[in-house]
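This report refers to the structure that appears directly beneath it.
The values are calculated or read from the model by the stated rules, or taken from the named source; none is laboratory data. Since this is a predicted model, take the numbers as computed values, not measurements. Ideal geometry is used to build each Cβ from the backbone, glycine not excepted, and the neighbour counts take in all protein chains shown.
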């Protein structure tokens, strides 16, 4: 995955969430990160 500026970003997982689920999404992302995955978290 590349940004428009030529920088390279790589994630294993993308977590998208609604504002009402922010706490759960952050917890899920933390669990995945702790397990060694690279996670992009985006509302």
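Observations on the model:
- The set of residues from the range 26-43 being in contact with a helix residue (DSSP H, G or I) (Cβ under 7 Å, 6 or more places away or on another chain) and part of a loop (DSSP other than H, G, I, E, B) comprises just one member, 43.
Here's the yes/no breakdown for (1) at pLDDT 95 or above; (2) surrounded by 10 or more Cβ atoms within 10 Å (Cβ to Cβ):
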{"site": "4", "(1), (2)": "no, no"}
{"site": "7", "(1), (2)": "no, no"}
{"site": "10", "(1), (2)": "no, no"}
{"site": "13", "(1), (2)": "yes, yes"}
{"site": "26", "(1), (2)": "yes, yes"}
{"site": "30", "(1), (2)": "yes, yes"}
{"site": "39", "(1), (2)": "yes, yes"}
{"site": "43", "(1), (2)": "no, yes"}
